[in-house]
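Scroll down for the structure; my scribbles are underneath it.
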Amino acid sequence: MKRHTVWLAAALLLFAIAAWLMSLGETGLATDAKQKDRQFPHHDFESWQREEKRLTLPVPMASAATEGAPVPARNRDPILSAMAPNAEVNLVFEATAIRDSPVGELLLRCMNGLHGYAGQDTLESKRLDLVHNLDRLAMSDGVLIASGNFGKVHWDEILGDKPDMTQDGTTFYKLPLRASAEQEFAIHRSGVVMWGPRSALDAAIARLDGRAPYAPPPIAPQETYGEIYGVVRSARLSELLPSELREKFADASSKVELHADTSDDVLIVADVEGPQASRVEDLGRALAGALAVGRVKARVDNDKELEQMMELSRVSLHGSSFRIESAFPLALIARGLGSCAAADAGSIGARRDSARER
């Protein structure tokens with residue numbers, strides 16, 4: 001079952017590459033004209049339609065534990081409902097959309113190799129095709145949460161045992177992967193499957209079933225746009241930044257809302273918020289300065305791909321928040337992924353450009 005984490009690791013790698021590159025780039029009015037040609041992630045009618053179709057979880061019945069507490073006004077999205085409101089990381093990955101994108105093709109090459117990953121045939125014989133069955137994958141409070149076409153999967157055969165228990169419509173399997181942190185696998189009656197420590201699973205299932213006091217999901221429905229989206233606490237995200245920016249970022253900001261569009265080149269929007277406007281503004285200016293220095297360095301080094309990314313990146317200040325927008329050419333991402341992707345980036349890009357012309 002380790003392959004359930006592959007899409008997550010791959011998508012987090014994109015953000016790690018983005019964080020590294022954004023520490024080297026450019027910002028300012030000079031990029032405005034080029035930014036106009038880019039469709040950065042934003043909420044639109046298509047995003048609204050997608051989310052409306054996912055409101056399949058009924059409004060929970062009132063219980064003794066939740067009597068008198070607020071309740072949602074309408075059906076809920078099971079993935080968003082399972083997520084912990086105060087988790088350090090709440091991210092959702094639209095696996096199907098990423099799979100079908102140019103960068104998804106690169107990621108699949110790196111994950112699987114040219115001849116498929118080990119054990120692929122065995123899993124498919126048990127009706128589990130992780131590439132095509134998986135619709136969404138989320139990370140929250142140390143739990144992986146997945147939705148997709150899992151109705152015919154032979155879980156007993158895959159997990160190597162009968163269920164440990166079934167409780168209130170949720171089936172649990174024990175997964176003793178590490179002696180220090182026993183993991184369990186849960187299949188909720190909504191079709192959502194989860195993997196993580198039992199205490200965190202129980203909390204997620206209580207939110208799904210309405211047995212926990214209702215709190216708005218950490219990702220609002222109107223913020224579910226792009227192929228990757230969510231909220232990350234700044235202290236955690238700062239770990240991806242260079243040392244000279246890490247402490248300043250963690251001190252000045254509280255959270256970062258992330259959105260990525262992978263339908264062509266990868267376009268990332270990061271909205272950074274903090275409690276004190278002056279400190280957030282200082283942080284934004286520091287990041288903008290680092291971007292400017294990086295642009296000059298890329299030009300001096302004659303690094304055309306990196307320089308192109310720099311010219312399509314900017315920081316926009318908005319009082320107690322600022323926005324980073326960056327466009328990452330496919331060839332640059334392939335470089336970050338290494339030799340497994342570099343050889344294929346050109347052919348994938350050529351097919352993409354040919355499709356545009358048709």
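Worth pointing out:
- Test for Arg335: is it under 20 Å from Ile228 (Cα atoms), under 23 Å from the mean Cα position of the chain (by Cα) and either surrounded by fewer than 18 Cβ atoms within 10 Å (Cβ to Cβ) or free of Cβ contacts under 8 Å to residues at least 12 places away in the same chain (or both): no
- Criterion applied to Lys255, Lys304 was being surrounded by 15 or more Cβ atoms within 10 Å (Cβ to Cβ), out of contact with any Cys (no Cβ under 7 Å at 6 or more places or on another chain) and not aliphatic (A, V, I, L, M), and the one residue passing it is Lys255.
- Counting the residues of region 319-332 that are within 20 Å of the chain's Cα centre (by Cα) and surrounded by fewer than 17 Cβ atoms within 10 Å (Cβ to Cβ) gives 1.
- Here the helices (runs of 4 or more DSSP H) wholly within region 281-358 that include at least 3 residues being at pLDDT 75 or above and closer than 23 Å to Met111 by Cα are 330-337.
- Subset of region 175-192 (residues that are at pLDDT below 85 and closer than 22 Å to Arg207 by Cβ): Leu175, Ala181, Glu182
- Listed by position, the helices (runs of 4 or more DSSP H) enclosed by region 120-162 that each have at least 1 residues that are modelled with pLDDT of 75 or more, under 24 Å from Ala200 (Cα atoms) and among the charged types (D, E, K, R) are 155-159.
- Candidates Ser238, Ser190, filtered to the one that is surrounded by 19 or more Cβ atoms within 10 Å (Cβ to Cβ), under 25 Å from the mean Cα position of the chain (by Cα), within 30 Å of Met61 (Cα to Cα) and among the polar types (S, T, N, Q): Ser190
- Subset of region 163-177 [among the aliphatic types (A, V, I, L, M) and in a strand (DSSP E or B)]: Met165, Leu175
Residues checked against (1) surrounded by fewer than 20 Cβ atoms within 10 Å (Cβ to Cβ); (2) more than 16 Å from the chain's Cα centre (by Cα); (3) modelled with pLDDT of 90 or more:
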{"position": "Asp44", "(1), (2), (3)": "yes, yes, no"}
{"position": "Glu88", "(1), (2), (3)": "yes, no, yes"}
{"position": "Val103", "(1), (2), (3)": "no, no, no"}
{"position": "Arg109", "(1), (2), (3)": "yes, yes, no"}
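- In region 202-228, the residues that are surrounded by fewer than 22 Cβ atoms within 10 Å (Cβ to Cβ), under 25 Å from Gln39 (Cα atoms) and among the hydroxyl-bearing types (Ser, Thr, Tyr): Tyr225
The values are calculated or read from the model by the stated rules, or taken from the named source; none is laboratory data. Every value quoted in this text rests on a predicted model; they were computed, and no experiment measured them. Note that we place each Cβ from the backbone using ideal geometry, even for glycine, and neighbour counts take in every protein chain shown.
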